[in-house]
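First up is the structure itself, then whatever we jot down about it.
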Amino acid sequence: MNPPSPSRPDADTAPASVSFAEALRFWLKLGFISFGGPAGQIAIMHTELVERRRWISERRFLHALNYCMLLPGPEAQQLATYIGWLMHRTWGGIVAGALFVLPSLFILIALSWIYMRFGDLPLVAGIFYGIKPAVTALVLHAAHRIGTRALKNRWMWGIAAAAFVAIFAFDTPFPAIVAAAALIGHFGAKHAPTVFALGGGHGAAKQGYGPALIDDHTPTPDHARFSRSHLAKVLAVGLGLWALVMTVLVATQGLHGTLATMGWFFTKAALLTFGGAYAVLPYVYQGAVETHQWLSGAQMIDGLALGETTPGPLIMVVAFVGFVGGWLTQVFGADALFMGAAVAATVVTFFTFLPSFVFILAGGPLVEATHGKLGFTAPLSAITAAVVGVILNLALFFAYHVLWPQGFGGRFDAVSAVIAVAAALALFRFKIGVMPLLGGCAAAGLAVTLLAPALR
């Protein structure tokens, strides 16, 4: 039998206390290996923290996950922040959450630069030609995945259908759809509580991993208990940081400058990410592509493809949006395209994730106290149902741009259609992972571009 180690302690005894330095090394490692979207990232954390290292019991892990899913923002990043906070107070949470994001930011800045500088080269263009249809299939699969969990009855189906019609036929702003769904859930909880009750969550906790450092009956640490003074302090620091950075952007770029506008827009986006990254993408598209025109619809699809292939939360696609927008608007002038774009990507990332830290560090105890109460969860159930309709609309938008690249008046791209159907079959029928899927589609696109250009 292998001797116990810090990463795999003895099965019969609780692990020794974990130092801040040891935890920091793990969170840094997690930031580089967190592929696979929220499900994959949560699975990695469960394997490492619950099964192997036993830093936290499965019941406590699932309890944290359940209430992170009630918050706007990327639940996997918030879960890492929560566990880091529970183990090592405020700085533990900040380090865990930041290291979940920073590797992805640096990687995306590098890939975005390659995209903007060399995107027209046959090699790069061929890879993206194959990935774009795969992204369309991934978005459709996301709608199906969320729908199977959220559309539990005909009322939820009705909300999803109404949301689809609202955004597809009437171009209703995404915040208005979220607000309407929340109101339906709020009043519906009073008149039809069974309709809006959340389902079975993430299943019952399994046993057999051995005692954990933070076990089922470990008392809540003092720093994780509700305190009015702590709540006020964290809110003041969070709002102060937001105001400080926004003031600097306004002072240097102007109230209507690109960076200040991005900061305000992505602050709103961060508060609307109920249901995961795919839920907020329609809002980002409406604002970034249609309203502010920071990038084109085709570039948005390319950015989502890059986001799917890098570690970290999928919502990190906003860094690509910021980079391209900063590059094209030349925020620091034509002689500093990369610097302006990199700063824009960093600004967008800051404003997107700052609320997540505030929610966990300030509101964690409050949200945990309200978890399971229908009056709190019913609006979320309705919002999630509406999100299904919105994501379906996004899938149709991507399909339109991929299959008719010159519009309906242009030619139909049959090769892209074949790749999209094959990708959908791989996802729905064979349950292929995201990375193998994107790799295969990229290879197919490259082959078509280089070896058989006449097919395109």
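Brief remarks on what is shown
- Protein-only accessible surface at a 1.4 angstrom probe places the residues 302, 222, 171 in the order 222, 171, 302, largest first.
- Sequence-distant contacts, meaning Cα pairs under 8 Å at least 6 residues apart, place the relative contact order of the chain at 30 percent.
- Projected label points at residue 408 and residue 250, each 7 Å from Cα along the beta carbon direction, are separated by 4.4 nanometres.
- Lysine pair count for the chain [Cα-Cα under 23 Å; pairs on different chains or 8 or more apart]: 6
- The chain: calculated mean residue ellipticity at 222 nm from DSSP helix runs of at least 4, using -39500 (n - 2.57): -23500 deg cm²/dmol
- Residues with amide H under 5 Å from that of residue 214, placed H, sequence gap 5 or more: 56, 57
- Accessible-area value, residue 268, 1.4 Å probe, nucleic acids and ligands omitted, Å²: 80 Å²
- The heavy atoms of residue 88 present about 40 square angstrom of accessible area, all protein chains included, probe 1.4 Å.
- Solvent-accessible surface of protein heavy atoms, probed at 1.4 angstrom with all chains present, puts 339, 246 in the order 339, 246, largest first.
- Compared with the direct C-alpha span, the chain from residue 339 to residue 154 gains 61.5 nm at full extension, assuming 0.36 nm per residue.
- Calculated on alpha-carbon atoms, Rg and Dmax of the stretch 233-347 in Å: 14.1, 43
- Helix 297-309 and the longest principal axis of the Cα set of the chain meet at an angle near 40°.
- Using a probe of 1.4 Å, the accessible surface attributed to residue 106 totals some 130 Å² when neighbouring protein chains are kept in position.
- Stretching residue 290 away from residue 114 to a fully extended chain increases their span by 60.9 nm, per 0.36 nm per residue minus the current alpha-carbon distance.
- Label point distance in nm, residue 241-residue 20, each placed 7 Å from Cα along Cα→Cβ: 1.6 nm
- Å² of accessible area per residue within the stretch 115-191, as computed with a 1.4 Å probe and no ligands counted: 52 Å²
- Dipole in debye (nearest 20) - the chain, about Cα centre, beta carbon charges: Lys, Arg +1; Asp, Glu -1: 660 debye
- Computed over protein heavy atoms with a 1.4 angstrom probe, the accessible surface ordering of 329, 310, largest first, is 329, 310.
- In the stretch 129-271, Cα pairs under 8 Å separated by at least six residues give a relative contact order of 9 percent.
- Taking one quarter of the surface of the C-alpha convex hull of the chain gives a mean projected area of 23.9 nm².
- Surrounding net charge for residue 83, when Lys and Arg each add one and Asp and Glu each subtract one, Cβ distance under 13 Å: +1
- Within the accessible surface of the chain, defined with a 1.4 Å probe on protein heavy atoms only, the carbon and sulfur portion equals 68 percent.
The values are calculated or read from the model by the stated rules, or taken from the named source; none is laboratory data. Computed from a predicted model, the values in this text were never measured in an experiment. Note that each Cβ is placed from the backbone with ideal geometry, even for glycine, and that neighbours are counted across all protein chains shown. Note: accessible area is taken over every heavy atom of the protein model, side chains too, but ligands, DNA and RNA are not part of it. Shrake-Rupley method; radii C 1.70, N 1.55, O 1.52, S 1.80 Å.
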